[in-house]
Amino acid sequence: MQRPLAVVAMALAMVSASEALLAQTVQGRVLDDEDDRPVGTAVVRLLDGDGEQRAIAAADSLGRYSLEVPEPGVYRLRAERLGYHAMETPLLEMGRADGLYPLDLLVRRAPVPIEGLEVTNRDVDRRVRLLTGISPAALRWRPLRQEDLRDHVERAHDLTALMRWGNYAGIEVMEYDDGPCYLMRRYGCLPVYLDGFPLTPGAFDLVALDMLHTVLVVAPNESIQYPRGGVLMYTPGWIR
């Protein structure tokens, strides 16, 4: 099934614009440092010299990732996956004319799960208000927290399954050639964000539910920050 023509036209326009800008790209694989096996669904972040996140991606089942570098400068990459220690590269200067930087990331297994800081529901609610401009109690659909997501992992291994079986009345899950769409009649497909960064449809289901702390489904016009609504996924480090 194909997306509506207007959506396709907009996507093509965005691709043409990005090609015109000759955006730089860093890409490679996330690999286990013991046996070079791919580490699928790892989250890879592009951080600038001040530690600010500039881009984010999720590795596919073969460990492959690709990140667009917003501008020439000095950056580092950070890779995270449950069961592995987070790793960061040294600072890397990215300003080559060809704009392509191949870089594999080796992550080391964590034999014992690393417990994060305890975060209360009140802390999460405060952070959600800061991120969305709305109280969680006022949202149409109740936020899913870490304990809720753990219950869903056995039944829903990815975001599309979660949206399909998560009792989101008024949202229809559609499958298109370039990925899923979470359709609200009269409004179209809800955009999807990971830690505040938009994802393309093909990347929606690359994000592992066990990597997330909170998932919010925001209806159009519920949030000033997200007037079109959206599915907002946050990792533990971001929600804290």
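The values are calculated or read from the model by the stated rules, or taken from the named source; none is laboratory data. The structure presented is a predicted model; accordingly, all values stated were derived computationally and were not measured. Cβ atoms come from the backbone with ideal geometry, glycine included; neighbour counts cover every protein chain shown.
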Out of the range 122-147, which residues are at pLDDT below 80 and loosely packed, with under 11 Cβ neighbours inside 10 Å?
Arg122
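Residue check: is Leu216 surrounded by 21 or more Cβ atoms within 10 Å (Cβ to Cβ), at pLDDT below 95 and either closer than 18 Å to Ile134 by Cβ or hydroxyl-bearing (Ser, Thr, Tyr) (or both)? Explain how you work it out, then say what you get.
On the way: surrounded by 21 or more Cβ atoms within 10 Å (Cβ to Cβ): yes; at pLDDT below 95: yes; either closer than 18 Å to Ile134 by Cβ or hydroxyl-bearing (Ser, Thr, Tyr) (or both): yes.
So Leu216 passes the test.
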Restricting attention to the range 194-213, which residues are closer than 18 Å to His152 by Cα and either part of a loop (DSSP other than H, G, I, E, B) or under 12 Å from the mean Cα position of the chain (by Cα) (or both)?
Phe204, Asp205, Leu206, Val207, Ala208, Leu209, Met211, Leu212, His213
Scanning for something at pLDDT 95 or above, over 18 Å from the mean Cα position of the chain (by Cα) and surrounded by 19 or more Cβ atoms within 10 Å (Cβ to Cβ), does the range 24-44 turn up at least one residue?
yes
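Scan the helices (runs of 4 or more DSSP H) fully inside the range 113-193 and keep the ones with 3 or more residues being among the hydrophobic types (A, V, I, L, M, F, W, C) and within 21 Å of Ala42 (Cα to Cα).
Because the criterion is at least 3 residues that are among the hydrophobic types (A, V, I, L, M, F, W, C) and within 21 Å of Ala42 (Cα to Cα), the helices (runs of 4 or more DSSP H) in the range 113-193 that meet it are 159-165.
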For the range 61-81, check the following and say yes or no: at least one residue is closer than 16 Å to Leu212 by Cα, of a type in the set (Asp, Glu) and surrounded by 17 or more Cβ atoms within 10 Å (Cβ to Cβ).
yes
